[in-house]
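Here is the structure we will look at, set down as structure tokens.
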Amino acid sequence: MPDRHIVELTDVKLITCVLQNGLAEEVLEAAKNVGVQGATVSFARGTGIRDRMGLMGVTVDEQKEVIRIIVSEEQAPRVFDAMYLAGKLDTPGKGIMYIADLNSVATYVPEDVLNSATDKE
Amino acid sequence: MRYGTFLSRYKIRHTKISYNDLTPKPDSERIESLRPARIKVSLRYALGLLRPYLQTRFMEQVKAVVPLALYATLFQIFVLQYPVQAATTLLVGLLAVIVGLAAFMEGLNSGLMPFGNVIGSNLPQKASMPVVLIIIGMLGVGVTFAEPAIGALQAFGSSVDVKQAPYLFEVLNNWTVPLVLIVGAGVGLAAIFGTLRFVYGWSLKPLIFFALAPSALLTIYFWTVPDLKSVLGLAWDCGAVTTGPVTVPLVLAMGIGIANSAGKGGSTLSGFGIVTLASLFPVTAVLLLTLFVFFQITPAEIIANANAASASAGSVVSMWDQTPAVEIVLGVRAILPLVIFLFLVLFFILKVKLSNKLVTIYGLVLCVVGMCIFNLGLTYGLGAIGTQTGQSLPAAFIQLPIIESSPIFSKEIGIALVIGFALILGFGATLAEPALNALGLTVQKLTNGAFKKSMLMYSVASGVSIGISLGVAKLVLNLDLATILLPLYGLGVVLTIFSSEEFVNVAWDSAGVTTGPVTVPLVLAMGLGLGSAVSAVEGFGILSLASICPIIAVLSMGIIIQINQSRNSSKQNAELKEIENA
């Protein structure tokens with residue numbers, strides 16, 4: 001029977017950031033500056049606020065960009081803060097973000113990275 | 001800003017609050033208590049939201065309008081040495097164009113587009129196919145009236161000399177409503193065929209030939225009749241005028257919605273084709289209308305009527321014929337029929353309620369207001385700049401009374417300079433058109449990167465610039481439009497036969513996309529001004545040439561790409577064979 005190997009990563013967090021259309025680039029750049037490997041960006045449509053504000057709702061774009069980034073537990077607060085500040089989420093209408101725990105993450109892990117990780121233990 | 005900079009400059013403070021404390025709790029006395037309340041927006045909060053909202057929309061139009069206007073005026077001042085006339089009015093007019101377009105586009109997105117989407121996705125379930133097609137056809141007429149650039153056609157009608165081109169004058173001045181109606185009918189027919197194409201997956205090639213044949217035959221006939229010849233430019237220009245920012249998205253939204261609910265959507269090519277047909281059918285329609293007028297009235301009668309009209313016009317000018325009232329009436333008349341028609345379809349055929357009435361009404365009001373402001377700007381801003389530049393351009397090579405030092409250059413250099421001016425104008429105006437960027441992205445996806453976005457944008461832009469300069473050359477050198485247009489379309493047809501379906505779709509649609517609400521009035525006014533300055537019979541025809549040239553450019557580019565790909569694959573095959581043999 002051929003031997004297959006799955007590397008599972010633990011201590012992983014998922015940061016999701018829902019932003020007003022057009023803000024993703026800046027936030028991604030900030031995330032990369034603090035050590036994020038990569039991100040998934042998708043388009044989405046938001047509802048709620050827009051309908052509850054009456055006429056002022058037209059100023060809120062229905063189109064959203066959703067950034068999903070997988071980070072280590074140690075990185076998480078740093079990346080979270082950097083993204084929050086870059087997206088200026090402390091102003092109304094910009095977006096929302098959250099961190100979630102991931103139990104186990106599996107992907108391709110390069111040989112040398114794997115060796116250095118196991119050496120440390 | 002880097003995170004490190006934040007760290008060195010600010011102290012970041014985290015406050016934790018339990019979300020439990022914020023969410024609504026069940027209250028037996030108030031049943032509605034769980035539903036989130038309406039948000040009250042304070043003034044400061046509102047300003048914070050409004051500023052970026054207004055800014056992005058305003059800047060979008062500034063980018064489209066200012067460079068073009070600047071280029072035309074600077075050329076006029078420095079090369080033609082003709083100072084800008086009525087500069088303050090021009091500036092206010094341009095501002096009106098920018099504000100009007102920004103308001104109109106926003107109104108279109110938040111008011112009219114939801115209608116189109118709701119109707120497109122619901123109509124096929126509630127009505128039979130013939131009813132759907134009739135509604136789509138009527139919508140074509142409505143959107144044509146609402147197209148901002150169509151106002152430009154009507155605005156420039158009075159500048160035609162009745163003695164030289166009686167039928168052109170008659171159609172533009174006394175048949176304006178039938179003219180727009182028949183152009184609309186052409187667009188409606190195009191929308192019907194385009195939708196049928198979506199649903200049944202027809203190829204675009206035979207449709208193009210089928211749409212081109214009658215207009216080509218009529219053009220040849222008109223060409224042989226001296227009185228009718230002058231209408232050709234207008235007819236072919238109408239095709240370019242119709243495919244603007246209202247028609248394209250609204251008709252597309254409905255067509256795609258119908259194709260999706262018929263289960264035939266999802267093809268990468270669905271969405272293309274309607275624009276092509278909507279720029280071809282109106283040509284035939286306008287030619288037919290002129291033919292009808294031709295059998296109704298003789299040139300002598302038209303001239304007599306025009307003289308009588310100009311004699312009586314001086315005495316009674318009603319309040320409604322003066323600016324700004326006339327622009328406002330035009331604006332309301334453009335949008336209202338479309339809105340009423342959409343409402344009727346929504347309430348009596350679909351019986352669907354709109355999700356957000358307040359926003360829809362806001363959008364519709366914005367549409368009407370924007371259209372009125374845009375019409376004002378058209379008269380005082382874009383149209384005036386175009387006319388001024390057009391009128392002073394010939395000073396480069398002939399003696400003009402308005403410019404003392406004219407002719408500024410020798411005849412050959414002057415004409416070359418004017419054509420060069422047109423080349424750059426066309427190139428810049430096209431690259432600034434936001435619709436082209438969107439088309440480029442779609443095409444890149446469609447061809448899996450074989451046809452790059454920049455490649456499409458540059459081939460369309462060079463096509464348009466060559467087209468506009470050909471049109472200017474036609475006016476300056478007094479060439480015959482039909483003798484340029486027919487061979488070019490012939491070339492387009494030949495290239496179409498040899499191209500693959502994807503490139504045919506992209507190429508023919510790119511022509512309609514390039515002629516937006518800023519380019520059309522500017523180029524039309526410039527052509528008419530230039531035409532009157534060099535005493536040409538009529539100044540139309542530039543836009544029609546600016547439509548066919550990018551088609552040829554994109555088709556040739558597509559064929560080059562096809563040849564390259566097949567050469568590459570045959571090379572690879574040969575290499576594989578060699579390896580096998582070895």
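Output ³J(HN,Hα) for the stretch B:486-495: one whole-Hz value per residue in order, computed from phi by the Karplus curve 6.51 cos²θ - 1.76 cosθ + 1.60 with θ = phi - 60°, and x for Gly and Pro.
Each residue's phi maps through the Karplus curve to give 5, x, 5, 5, x, 4, x, 5, 4, 5 Hz.
Quantify how strongly other chains surround peptide A:53-66 by giving the mean number of their Cβ atoms within 10 Å of each of its Cβ atoms.
For peptide A:53-66, the averaged partner shielding equals 5.
Grab the beta carbon distance between residue A:96 and residue B:88, set R0 = 30 Å, and tell me the FRET efficiency rounded to 0.05.
0.05
Relative to the first principal axis of the alpha-carbon coordinates of chain B, what is the inclination of helix B:519-533, with its axis defined by its Cα atoms, in degrees from 0 to 90 and to the nearest 10?
10 degrees
Three principal axis extents, largest first, for the C-alpha atoms of the protein assembly as shown, in Å?
98, 87, 61
Sequence neighbours fewer than 8 away in the same chain don't count; with that in mind, list the aspartates and glutamates whose C-alpha is under 16 Å from residue A:64.
Partners found: A:25, A:26, A:51.
Over the alpha-carbon set of the stretch B:197-257, work out the extent along each principal axis and list the three values in angstrom, largest first.
The principal-axis extents, from largest down, are 46, 26, 10 Å.
Classify the stretch B:410-452 from the C-alpha gyration tensor, please: rounded if a/c falls under 1.5, else prolate or oblate depending on whether a/b exceeds b/c.
Prolate, since a/c reaches 1.5 and a/b exceeds b/c.
Suppose accessible area is computed on protein heavy atoms with a 1.4 Å probe; arrange B:82, A:84 from highest to lowest.
My answer, sorted largest first, is A:84, B:82.
Excluding residues fewer than 8 places away in the same chain, name every one of the lysines whose C-alpha is closer than 16 Å to that of residue B:11.
Correct list for residue B:11: A:88.
Provide B:192, B:561, A:6 ordered by accessible surface of protein heavy atoms (probe 1.4 Å), highest first.
Accessible-area ranking of B:192, B:561, A:6, largest first: A:6, B:192, B:561.
Obtain the nm distance between the two label points defined at residue B:39 and residue B:578 by a simple spin-label model: each point lies 7 Å from its Cα along the Cα-to-C-beta direction.
6.5 nm
If I histogram all Cα-Cα distances within the stretch B:447-582 using bins 5 Å wide from 0, what percent of pairs lands in each bin?
2, 10, 17, 17, 15, 11, 9, 6, 4, 3, 2, 2, 1, 1, 0
Restricting to bridges with both residues inside the protein assembly as shown, how much of the DSSP beta-bridge set is antiparallel, in percent to the nearest 5?
Antiparallel bridges make up about 95 percent of those DSSP assigns within the protein assembly as shown.
Taking the Cα atoms of the stretch B:96-238, what is the range of coordinates along each of the three principal axes, in descending order and whole Å?
54, 43, 22
Quick one: buried accessible area between B and A, total over both chains, 1.4 angstrom probe, nearest 100 Å²?
About 2000 Å² of accessible surface is lost on pairing.
Quick one: which of B:126/B:353; B:126/B:205; A:94/B:445; B:40/B:357 span more than 26 angstrom between C-alpha atoms?
Pairs exceeding the cut-off: B:126/B:205; A:94/B:445.
Given points 7 Å out from each Cα along the Cα-Cβ axis, report the residue A:32 to residue A:62 separation in nanometres with one decimal.
Spacing of the two 7 Å Cα→Cβ label points: 3.2 nm.
Per residue, how much accessible area does the protein assembly as shown show when a 1.4 Å probe rolls over the protein heavy atoms, in square angstrom?
Spelled out: the 1.4 Å probe surface of the protein assembly as shown, per residue, equals 49 Å².
Please report the carbon-and-sulfur percent of the accessible area for chain A; probe 1.4 Å, protein heavy atoms only, DNA, RNA and ligands left out.
Heavy-atom surface of chain A belonging to carbon and sulfur, 1.4 Å probe: 51 percent.
Kindly write out, for the stretch B:281-298 in residue order, the coupling ³J(HN,Hα) from the Karplus curve 6.51 cos²θ - 1.76 cosθ + 1.60 (θ = phi - 60°), rounded to whole Hz, with x marking Gly and Pro.
4, x, 4, 4, 4, 5, 4, 5, 4, 5, 4, 4, 4, 4, 7, 8, 9, 9
Work out which GluC sites (Glu not before Pro) in chain B are exposed loop sites (DSSP not H, G, I, E or B, at most 10 other Cβ within 10 Å) and give the longest gap free of them.
B:30-403
Between beta-carbons, use under 14 Å as the cut-off and find the net charge around residue B:458, counting Lys and Arg +1, Asp and Glu -1.
Value of the local net charge: +1.
In what sequence, largest accessible area first, do B:579, B:182 appear using a 1.4 Å probe?
B:579, B:182
Along Cα→Cβ, 7 Å out, is where each label goes; now give me the distance between the ones at residue B:221 and residue B:50 in nm to one decimal.
Distance between label points: 5.8 nm.
Rounded to the nearest 0.05, what FRET efficiency do residue A:40 and residue B:131 have when you use their Cβ-Cβ distance and R0 = 51 Å?
According to the calculation, E is roughly 0.70.
So what is log10(I(q)/I(0)) for chain B at q = 0.06, 0.08, 0.10 1/Å, when the Debye sum runs over its Cα atoms only?
Result of the Debye calculation: -0.35, -0.60, -0.89.
As an exercise, use a Förster radius of 60 Å and the Cβ-Cβ distance of residue B:2 and residue B:81 to find the FRET efficiency, rounded to the nearest 0.05.
For R0 = 60 Å, the calculated efficiency reads 0.70.
First obtain the Kirkwood hydrodynamic radius of the stretch A:9-120 from its Cα pairs, then insert it into the Stokes-Einstein equation at 25 °C and 0.890 mPa s, and state the resulting D in µm² per second as a whole number.
So the translational diffusion coefficient is about 159 µm²/s.
The values are calculated or read from the model by the stated rules, or taken from the named source; none is laboratory data. Since we're looking at a predicted model, the values are computed, not measured. FYI the Cβ positions are ideal-geometry reconstructions off the backbone, even for glycines, and counts take in every protein chain you see. Just the protein is used for accessible areas: all its heavy atoms, side chains included, with ligands, DNA and RNA removed. Shrake-Rupley method; radii C 1.70, N 1.55, O 1.52, S 1.80 Å.
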